[in-house]
């Protein structure tokens, strides 16, 4: 009985580690695609992994910034615009102060105003 419980505990620990590792790999890939402004690869990656910007936005940070702020600091207008279009208006409104790019700020303003 002890061996079964020990094996179960080890399996649970390994699966938790694997899930955490997968989440880190997903975040790293997202940051990479945003930093090089590769909109098509970003969209493809999200679709392949069955992810939506709305679902992952709050959890992913790139260099301590949210994805849109990171896009703005890297002048990644295409990927930043894509994310702004997919996020709820209320979220975009809260992000305006974090965006350093004038182009993305204009896209955010347009999204908020309709």
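The values are calculated or read from the model by the stated rules, or taken from the named source; none is laboratory data. Every value quoted in this text rests on a predicted model; they were computed, and no experiment measured them. Heads up, the Cβs are rebuilt from the backbone with ideal geometry, glycines too, and the neighbour counts pull from every protein chain shown.
Here are the numbers:
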quantity	calculated
Residues satisfying the stated conditions in region 32-44, i.e. more than 17 Å from residue 74 (Cβ to Cβ) and touching a helix residue (DSSP H, G or I) at 6+ places or on another chain (Cβ under 8 Å)	43
Candidate set from region 29-60 (those that are within 21 Å of residue 107 (Cβ to Cβ) and within 8 Å of the chain's Cα centre (by Cα)); member that is surrounded by the fewest Cβ atoms within 10 Å (Cβ to Cβ)	58
The lone exception for residue 63 - which of (1) modelled with pLDDT under 95; (2) surrounded by 14 or more Cβ atoms within 10 Å (Cβ to Cβ); (3) under 15 Å from the mean Cα position of the chain (by Cα) it fails	(2)
Neighbours by Cβ (under 9 Å, 6+ apart or cross-chain): first from region 51-67, under 13 Å from residue 28 (Cβ atoms); second assigned to a loop (DSSP other than H, G, I, E, B)	60/66; 62/74; 67/57; 67/60; 67/61
Scope region 74-88; condition touching a helix residue (DSSP H, G or I) at 6+ places or on another chain (Cβ under 6 Å) and in a helix (DSSP H, G or I); matching residues	77, 78, 79, 80, 81, 82, 83, 84, 86
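Conditions (1) assigned to a helix (DSSP H, G or I); (2) modelled with pLDDT of 95 or more, marked per residue:
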{"residue": "22", "(1), (2)": "yes, no"}
{"residue": "25", "(1), (2)": "yes, no"}
{"residue": "28", "(1), (2)": "yes, no"}
{"residue": "31", "(1), (2)": "yes, no"}
{"residue": "41", "(1), (2)": "yes, yes"}
{"residue": "55", "(1), (2)": "yes, no"}
{"residue": "58", "(1), (2)": "no, no"}
